[in-house]
Amino acid sequence: MNTLQFHKLPETFFQKDVLKIAPKLLGKYFIKKEGQKLLIGKIIEVEAYVDKIDEASHSFNGVTNRNKLMFASGGKLYVYFIYGNHYCCNVVCDKEGVGSAVLIRALEPLKGIEIMVERRFRKSEVTAKEFLNLTNGPGKICRAFNIAKDENGMDLCGEEIFLAEGEKVPKKNVLQSPRIGIKKSKELPWRFYLKDNPFVSAK
């Protein structure tokens with residue numbers, strides 16, 4: 001398996017309305033290249049965030065030093081530190097000037113699993129329960145993939161971190177719900193996830 005076998009998502013894929021892009025990310029591959037090794041996870045859960053109408057979004061009150069990347073043209077990786085504990089990674093969407101992004105909430109680990117396990121659990125073997133918890137949360141993904149502030153702003157059409165076509169997901173397998181773990185605008189049904197996938201963070 002190498003990068004030649006993947007069909008990277010083009011920049012134009014990301015430069016559309018965040019609520020159109022979010023469900024289409026399900027089933028796509030999130031790939032990080034580390035030297036000769038690849039870390040690959042299938043995107044199975046996401047949440048959309050946008051400016052002006054979404055009080056939970058970092059972009060709600062306009063451009064700041066922290067959130068300015070959300071207002072860039074779609075196709076960048078927006079990484080932020082939260083709760084003084086972990087990083088979260090997001091896919092910036094839409095055209096320049098619109099503050100929107102999709103939070104990657106959960107991945108199904110596919111390749112480079114031994115590296116992810118070592119980073120997450122500091123050991124080489126895990127239980128079945130630990131394996132299901134490997135990348136089923138935003139902070140867990142960033143730790144497993146070693147994504148932090150240095151990756152903020154990275155081009156998702158580049159060579160180090162990129163998204164690629166994955167499996168085709170039937171519409172009936174895409175479920176929608178209010179977002180979780182937030183207090184503001186929590187009623188907005190902007191969380192999308194794959195039906196019956198055991199790596200989803202919460203049913």
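The values are calculated or read from the model by the stated rules, or taken from the named source; none is laboratory data. The structure presented is a predicted model; accordingly, all values stated were derived computationally and were not measured. When we count neighbours, we look across all protein chains shown, and the Cβ atoms used for this are built from the backbone with ideal geometry, even at glycine.
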State the number of residues belonging to the range 150-203 that are among the aromatic types (Phe, Trp, Tyr) and touching a Lys or Arg at 6+ places or on another chain (Cβ under 7 Å). 2
Only one of these is surrounded by fewer than 16 Cβ atoms within 10 Å (Cβ to Cβ), in contact with a strand residue (DSSP E or B) (Cβ under 7 Å, 6 or more places away or on another chain) and at pLDDT 95 or above: Ala148, Ala48, Ala106, Ala101. Name it. Ala148
I'd like the residue in the range 128-142 that is surrounded by fewer than 19 Cβ atoms within 10 Å (Cβ to Cβ) and in contact (Cβ under 8 Å) with a residue 40 or more places away in the chain and, out of all such residues, is nearest to the chain's Cα centre (by Cα). Gly139
So, in the range 58-72, exactly how many residues are closer than 21 Å to Ile147 by Cβ and touching a helix residue (DSSP H, G or I) at 6+ places or on another chain (Cβ under 8 Å)? 2
Report yes if Leu19 is assigned to a helix (DSSP H, G or I), surrounded by fewer than 19 Cβ atoms within 10 Å (Cβ to Cβ) and touching a residue at least 12 places away in the same chain (Cβ under 8 Å), otherwise no. yes
